[in-house]
1. Does Lys107 satisfy being among the charged types (D, E, K, R) and either in the same structural domain as Glu191 (by TED's automatic domain parsing) or under 17 Å from Leu157 (Cβ atoms) (or both)?
2. Checking Ala55 against (1) surrounded by 24 or more Cβ atoms within 10 Å (Cβ to Cβ); (2) not in a strand (DSSP E or B), which test does it fail?
3. Take Lys202 and decide whether it is at pLDDT 95 or above and either out of contact with any helix residue (DSSP H, G or I) (no Cβ under 9 Å at 6 or more places or on another chain) or loosely packed, with under 15 Cβ neighbours inside 10 Å (or both).
4. Quick one: count up the residues across the range 102-138 that are buried (at least 20 other Cβ atoms within 10 Å of the Cβ) and in a helix (DSSP H, G or I).
5. Does the range 54-95 hold any residues that are at pLDDT below 95, touching an Asp or Glu at 6+ places or on another chain (Cβ under 9 Å) and hydrophobic (A, V, I, L, M, F, W, C), and which are they?
Amino acid sequence: MKTAIIVSKKDPAGINIAEHLRKYNLDSSLHFVEEDTILSNDLDKKIEADLFIFATRHQSAKGVHSLSCHSAGNWGKAEAGGKDSKLCIAPAVLLKEAFLVLNRLGKDMHHETTLEVTHHGPYLEKPCMFIEIGSDEKNWKNKEAGDIIAKVIIDLLKNIDEIISNKNNYKITFGIGGPHYASTFNRRILETDIAIGHICPKYQLENLDKEMVLQAVEKTVPKVDFVLLDWKGLGKEKQRIINLLDGLGIKYKKTDQIK
């Protein structure tokens, strides 16, 4: 599988990660873009690759030091790149493995390691994922954080063929509900054989209709086995979501049913 690692020349976290990737002689997979990565729509038409990994900064109002990864796409209006109501292809198994390594390598840092929900651009038609350093300018340049992200990417690329060949060892899901930093789904990924592609959080449920559910299922690889529900994190939308899934004939389980 040919992989392209995408870094924005405007992104201090991306530059930090790229410096460490170069230290480990991974120059051949690196590609630099002039614009912010979230604005680089259709990059798959310009760069030949089977998988796109965006190494970037993560920004939050609270400025929490974090190491994170997530799928890309917009459940509604494209307010941060991408296209309205368009999801990218989410590589569920690769996301899981990246998150597992991120937790292992980052456990001794005073950073929060987390899988985020699906959000922001760009829009591509090839599998892609983001892996990020958060959440302020000082930490974007943190050399230890940059080194950890680089090592996660290297580990993923080194084992990618084996990971993909063992895809039948995972239960592939699309997650619905809960907060942006998907705490309930994080635990299931770390503790079970669950692999999650897209996650639609509670704050985006108003945009989750028949078309978006089908798109999330179709744009998760490998094929989705069932939808995974953060039941408490569905709030007042519980019955509507159940009716929606039942109407589409899509199997689902609650997170507390996964051991």
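The values are calculated or read from the model by the stated rules, or taken from the named source; none is laboratory data. Because the structure is a prediction, the values reported are computed rather than measured. Every residue, glycine as well, gets a Cβ built from its backbone with ideal geometry; the counts of neighbours run over all protein chains shown.
1. On the way: among the charged types (D, E, K, R): yes; either in the same structural domain as Glu191 (by TED's automatic domain parsing) or under 17 Å from Leu157 (Cβ atoms) (or both): no.
Criteria not met by Lys107.
2. (2)
3. no
4. 2
5. Val64
Residue-wise test of (1) aromatic (Phe, Trp, Tyr); (2) within 17 Å of Lys141 (Cβ to Cβ).
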| site | (1), (2) |
| --- | --- |
| Gly14 | no, yes |
| Ala18 | no, yes |
| Tyr24 | yes, no |
| Asp27 | no, no |
| His31 | no, no |
| Leu43 | no, no |
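Quick grid of which residues meet (1) closer than 28 Å to Val217 by Cβ; (2) touching a Ser or Thr at 6+ places or on another chain (Cβ under 7 Å):
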| residue | (1), (2) |
| --- | --- |
| Leu43 | yes, no |
| Ile53 | yes, yes |
| Arg57 | no, no |
| Ser68 | yes, yes |
| Gly81 | yes, no |
| Val101 | yes, no |
